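For reference, the structure discussed in these notes is given below.
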There are 2 protein chains.
Amino acid sequence: MINSWEDIRAEVLRRIRAREWPPGDLIPNEEDLALEFGCARATVNRALRELALAGVLERRRKAGTRVAMLPVRKATLDIPLIRQEVEARGQSHGFQLLLQRETVPPVPVASRLGLAAGARLIYLETLHLADGQPFVFETRWLNPAVLPQPLPDFGQISANEWLLAHVSYTTGDIAFSAEEAGPREAEALGVAEGRALFITERTTWTAEAAITLVRLAHSPGYRVQTMV
Amino acid sequence: MINSWEDIRAEVLRRIRAREWPPGDLIPNEEDLALEFGCARATVNRALRELALAGVLERRRKAGTRVAMLPVRKATLDIPLIRQEVEARGQSHGFQLLLQRETVPPVPVASRLGLAAGARLIYLETLHLADGQPFVFETRWLNPAVLPQPLPDFGQISANEWLLAHVSYTTGDIAFSAEEAGPREAEALGVAEGRALFITERTTWTAEAAITLVRLAHSPGYRVQTMV
DNA sequence: AAGGGTATTATGTGCAGACATAATAACACA
DNA sequence: TGTGTTATTATGTCTGCACATAATACCCTT
């Protein structure tokens, strides 16, 4: 019995993989497929919509639906809290606030946050631990102008979790890169200077203003993995 | 006028961000929301379903819909062909096949591909160029047992593009990490040994068998970026 | 009081029909 | 021949209804 939208999605995917519908091919329209599968057009629509979302199909009104020529692989990554990530490994999470001060940020930081030169920000350095071993070295710029007052003791609650609980849902962007460990990172993480570190950088915004820019330097061996 | 499912999604998201519906809160059921917004329940369902997919809501039958307590950030990355990536920067893409041979892979490679020890694979080393400058150093293991014959001249067409055109749609996983440049990578990319390189590793499968394992070492400065 | 079966309830999905929208194809006119 | 308008068409979405499914709440029995 082929009638649920998941069955239809599977069948369409099968035909694409089996090259019955090769890349670039125009596939039958929704009405015809609905007729063939003996279901409503809405059901076919649901199935094709999901496949288009996954990058397998390309759809345009009037033009029809065709098999994607160059299926852009879309990788979806979960970005959990560091605490969740550590605990998911069965380790215990802890952290140390190494440094906190209020200062004028360097120009690249101010510009990435879209702030006027001279605005003062809070700067934090935190070391996250997994079973007591250095796990992530976090450097964070916070914009106090858009934070609810009073600020907590960041030695007691990690900035990330406090923000989650006290600042409205936000948007932002994430970037990954690789960098050599600088002296400060090497010391904090307990590794040699120059080791390759996996770096995650996140910028977070409310509707209008930048909230925080955080840079996570993961200790060597860290991997981010996805199932496609 | 609030009636399209996108309007409803936006309004629900607004209420969550404005903390009218705080994290952990149980929100009204679909029927009530449909009544409030003056639309059909299916429309509300579509909006809430999308938000649940994005990790903002958690839904369970009978239990209802609640605002996610710890919204796991989901980052979606596009993984284009290297050629597309280079050309998107306005540079010209080229590549050199540095090495091709058939050999028994090291044990970690064989096990990651789920192959019996002793199976022979094709090993390729390719250097991708952007405007003539080293861009990515690619090492690839190919499983000839599941490839259509005859194999092409990989000096003429890049393995990735040939696979796309000749092997059925596949699944796989992707991992990112940071590693120090080894002697081979340093020479190929023209950088000092020990420099931090951004590494992408992909394993690709057909329905049953492993097709290829590829490791891309990106030259220093490479970033992967996402909008959330 | 404990346990198990049943009713209730919220979401998940399906269907048939309708209109909206975008994009192409066809046509008419200068 | 070129151009602007109109018709056609496939997808996008909404409605109202129905039944399926999962999970909780309740009640009855022992």
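No lab work stands behind these numbers, since they all come straight from the coordinates. If you're wondering where the values come from, they're calculated on a predicted model, not measured in any experiment. Counting neighbours? That spans all protein chains shown, and the Cβs are built from the backbone with ideal geometry, glycine included.
A few points about this structure:
- Per-residue shielding of B:157-167, expressed as the average number of other chain Cβ atoms within 10 Å of the residue Cβ, stands at 1.
- The phi torsions of the range B:87-101, fed into the Karplus equation with coefficients 6.51, -1.76 and 1.60 and a -60° offset, translate into couplings of 5, 5, 8, x, 10, 9, 9, x, 8, 10, 7, 8, 7, 9, 7 Hz, rounded to whole numbers, with Gly and Pro shown as x.
- Fully extended contour minus Cα-Cα distance, from A:GLN149 to A:ALA10, at 0.36 nm per residue: 44.8 nm
- Global geometry of the protein assembly as shown, whether rounded, prolate or oblate, following the gyration tensor of its Cα atoms and the 1.5 cut on a/c: oblate
- Residue of B:PRO28, B:PRO148, B:PRO183 that the Gaussian network model of chain B assigns the largest fluctuation, springs spanning Cα pairs under 10 Å: B:PRO28
- Position A:ALA40: other-copy label points at 0.7 nm, ordered by increasing distance, label point 7 Å along Cα→C-beta.
- Ascending list, in nanometres, of distances separating the A:SER92 label from those of the other copies (7 Å, Cα toward Cβ): 6.1
- Distance from the range B:211-227 to the range B:44-92 (C-alpha centre basis), Å: 21
- Considering only alpha-carbon pairs that sit under 8 angstrom and 6 or more positions apart, the relative contact order computed for chain B is 15 percent.
- Across the identical copies, the label point of B:GLY155 (7 Å from Cα in the Cβ direction) is separated from its matches by 6.6 nm, in order from shortest.
- For the range A:40-62, the residues whose amide N sits under 13 Å from a probe point set 7 Å from the Cα of A:LEU26 along the beta carbon direction are A:60-62.
- 3J(HN,Hα) along the range A:24-33, derived from phi through the Karplus expression 6.51 cos²θ - 1.76 cosθ + 1.60 where θ = phi - 60°, amounts to x, 6, 8, 9, x, 6, 4, 4, 4, 5 Hz, with x in place of Gly and Pro.
- Proximal lysines to B:LYS62, defined as alpha-carbon separation beneath 28 angstrom and excluding residues fewer than eight positions away on the same chain: B:LYS74
- Considering only trypsin sites (Lys or Arg not before Pro) in DSSP loops that have at most 14 other Cβ atoms within 10 Å, the longest stretch of chain B without any of them is B:121-228.
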